[in-house]
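The values are calculated or read from the model by the stated rules, or taken from the named source; none is laboratory data. The structure displayed is predicted, hence computed values, not measured ones. Note: ideal-geometry Cβ built from the backbone for every residue, glycine included; neighbour counts use all protein chains shown.
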Ligand SMILES: [Zn+2]
């Protein structure tokens, strides 16, 4: 196992970052904080937008009012949030909750830029000159916020991806017209330069900063990495590492990312989404030294192996807890019926690797809770040990109408087991030197398909 030293905390290489979206909703997002002990010291990614009441949104929590006047440490803040939620009764009555200290986690701050960009666009009456005038102030406040709360790592501010593809945004004509009039590459490069100037002027800045790389094609990605390296030369200062932006979803990507791969022998799913993160990791790794690379939003289970073996050192994904959120009220009444149903169920992560390092039975991926066989072996993670067996999880899940906390608890047992599976894969991957070597030991359809993708990406290199 390899580690990077991050402010005297050990960050595993590779690392899966659990996304804490407290402040971006209630329900499961609250309980994920309450039951943090289940994922131990798994590092955390937090979205600035949700924990900063400068930008109003419907779930704004008053604990975040003037938060930098009240706290100097993000771990202390999350310890207090957890205490607050537990004292509000957002915990299952039959579970005895141990002490937990968030200060042992590595915290990474991401901007949640798209929501902030929308806010600034509106504030500047959709006028690009006004927008460019006030943008740097918002960026500086973001970096200052990370410094005041002593976040360990901060992602360089950026515009936050492809605007034309965002759900629901197409209805907002003014915003869409504004965004499409903007030269994204140019603005992102200006933000990069602004950031490196900020670092130059703030030599005692506490958080470690990742430069965010963008590019519509693999060639553009390489070009942008070289641009960042040239900025470092120009200003005589270095970023701590690199964050890979804009590559999390294959749907939004240019065809050039997939040119060397014939998906017919393996199928598109889930392999297509793993290609760009792997290729981007490979491109950036080939141009930089041994600094960290974080693949933003690319920590889905199928992506982990190829991210790592192509050069990424960490990644994040909200999917484990998002899949839990698929469960609706009606599903809690039919959870003991294994017949496939059209109701939305919380989804359980099947397959993967047990805590003792043995491969788990079943196809890797999420399935509806009612379809999970009661005899499914538990993986040995903390959540699985507390649950005891799948039937117990279903019983807790079914109690929604009489004890909603029992239902929330079952959902965390499901979601945090999935988080620990992602973490376990990171741990096992790091003990191998090549994808080949890993796949000889861990042989299932997913890993074999990934081996094929890996060979296609690395053909001729
Ligand atoms: Zn488990």
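Six or more apart or on different chains, Cβ under 6 Å: which pairs go from a residue in the range 419-434 that's closer than 23 Å to residue 350 by Cβ and within 14 Å of the ligand (Cβ to nearest atom) to one that's outside any helix (DSSP H, G or I) and at pLDDT 95 or above? Could you list them?
Partner pairs satisfying both residue conditions: 419/18; 420/381; 421/349; 421/352; 422/16; 423/16; 423/42; 424/353.
Kindly check whether there is at least one residue in the range 250-272 that is assigned by TED's automatic domain parsing to the domain that holds residue 303, touching a strand residue (DSSP E or B) at 6+ places or on another chain (Cβ under 6 Å) and farther than 20 Å from residue 190 by Cβ.
no
Against the definition (surrounded by fewer than 20 Cβ atoms within 10 Å (Cβ to Cβ) and either within 21 Å of residue 313 (Cα to Cα) or in contact with a helix residue (DSSP H, G or I) (Cβ under 8 Å, 6 or more places away or on another chain) (or both)), how does residue 219 come out, yes or no?
yes
Looking at the range 111-118, is at least one residue outside any helix (DSSP H, G or I) and either more than 21 Å from the chain's Cα centre (by Cα) or in the same structural domain as residue 158 (by TED's automatic domain parsing) (or both)?
Checked the range 111-118: at least one residue is outside any helix (DSSP H, G or I) and either more than 21 Å from the chain's Cα centre (by Cα) or in the same structural domain as residue 158 (by TED's automatic domain parsing) (or both).
What residue, of 386, 453, 395, is within 16 Å of the ligand (Cβ to nearest atom) and not assigned by TED's automatic domain parsing to the domain that holds residue 310?
386
Give me the helices (runs of 4 or more DSSP H) completely within the range 374-461, filtered to those with at least 2 residues that are surrounded by fewer than 23 Cβ atoms within 10 Å (Cβ to Cβ) and touching a strand residue (DSSP E or B) at 6+ places or on another chain (Cβ under 7 Å), ordered by residue number.
404-430
Taking the condition of being surrounded by fewer than 17 Cβ atoms within 10 Å (Cβ to Cβ) and without any contact (Cβ under 8 Å) to a residue 60 or more places away in the chain, how many residues in the range 1-28 meet it?
The number of residues fulfilling the criteria is 6.
Which of the following residues is touching a helix residue (DSSP H, G or I) at 6+ places or on another chain (Cβ under 9 Å), at pLDDT 95 or above and farther than 28 Å from residue 316 by Cα: 131, 145, 157, 151?
131
Of (1) within 23 Å of the chain's Cα centre (by Cα); (2) modelled with pLDDT under 95, residue 211 satisfies all except one. Which?
The single condition residue 211 does not satisfy is (2).
If you go through the range 240-285 one residue at a time, how many are under 16 Å from the mean Cα position of the chain (by Cα), surrounded by fewer than 24 Cβ atoms within 10 Å (Cβ to Cβ) and within 30 Å of residue 7 (Cα to Cα)?
1
Please determine whether any residue of the range 129-142 is outside any helix (DSSP H, G or I) and surrounded by 14 or more Cβ atoms within 10 Å (Cβ to Cβ).
No, every residue in the range 129-142 fails to be outside any helix (DSSP H, G or I) and surrounded by 14 or more Cβ atoms within 10 Å (Cβ to Cβ).
Using beta carbons and a limit of 7 Å, which pairs, at least six apart or on different chains, have the first residue in the range 376-390 and within 13 Å of residue 361 (Cβ to Cβ) and the second one modelled with pLDDT of 95 or more and within 7 Å of the ligand (Cβ to nearest atom)?
Listed pairs, sorted by first residue: 378/384; 379/417; 379/421.
Going by what's in this entry, would residue 440 be described as assigned by TED's automatic domain parsing to the domain that holds residue 353, more than 11 Å from the ligand (Cβ to nearest atom) and either touching a residue at least 12 places away in the same chain (Cβ under 8 Å) or under 29 Å from residue 266 (Cβ atoms) (or both)?
Here the answer is no, as residue 440 does not meet what is asked.
Given the conditions (1) in contact with a strand residue (DSSP E or B) (Cβ under 7 Å, 6 or more places away or on another chain); (2) away from the ligand (no atom under 14 Å from the Cβ); (3) within 30 Å of residue 213 (Cβ to Cβ), which single one is not true for residue 326?
So residue 326 meets the others, but not (3).
If you scan the range 312-334, which residues turn out to be outside any helix (DSSP H, G or I), surrounded by 24 or more Cβ atoms within 10 Å (Cβ to Cβ) and in contact with a helix residue (DSSP H, G or I) (Cβ under 8 Å, 6 or more places away or on another chain)?
Within the range 312-334, 312, 315, 317, 327 qualify.
Kindly indicate which of 209, 213 is touching a residue at least 40 places away in the same chain (Cβ under 8 Å) and closer than 16 Å to residue 283 by Cα.
213
Return a yes/no flag: does the range 335-354 have any residue that is more than 22 Å from residue 303 (Cβ to Cβ), out of contact with any helix residue (DSSP H, G or I) (no Cβ under 9 Å at 6 or more places or on another chain), within 15 Å of the ligand (Cβ to nearest atom) and modelled with pLDDT of 95 or more.
Within the range 335-354, not a single residue is more than 22 Å from residue 303 (Cβ to Cβ), out of contact with any helix residue (DSSP H, G or I) (no Cβ under 9 Å at 6 or more places or on another chain), within 15 Å of the ligand (Cβ to nearest atom) and modelled with pLDDT of 95 or more.
Given the structure, is residue 359 away from the ligand (no atom under 11 Å from the Cβ), touching a residue at least 12 places away in the same chain (Cβ under 8 Å), surrounded by fewer than 23 Cβ atoms within 10 Å (Cβ to Cβ) and closer than 23 Å to residue 40 by Cβ?
Yes: the conditions hold for residue 359.
Taking the stated definitions as given, is residue 364 more than 10 Å from the ligand (Cβ to nearest atom), within 30 Å of residue 440 (Cβ to Cβ) and within 25 Å of the chain's Cα centre (by Cα)?
Taking the combined requirement at face value, the residue satisfies it.
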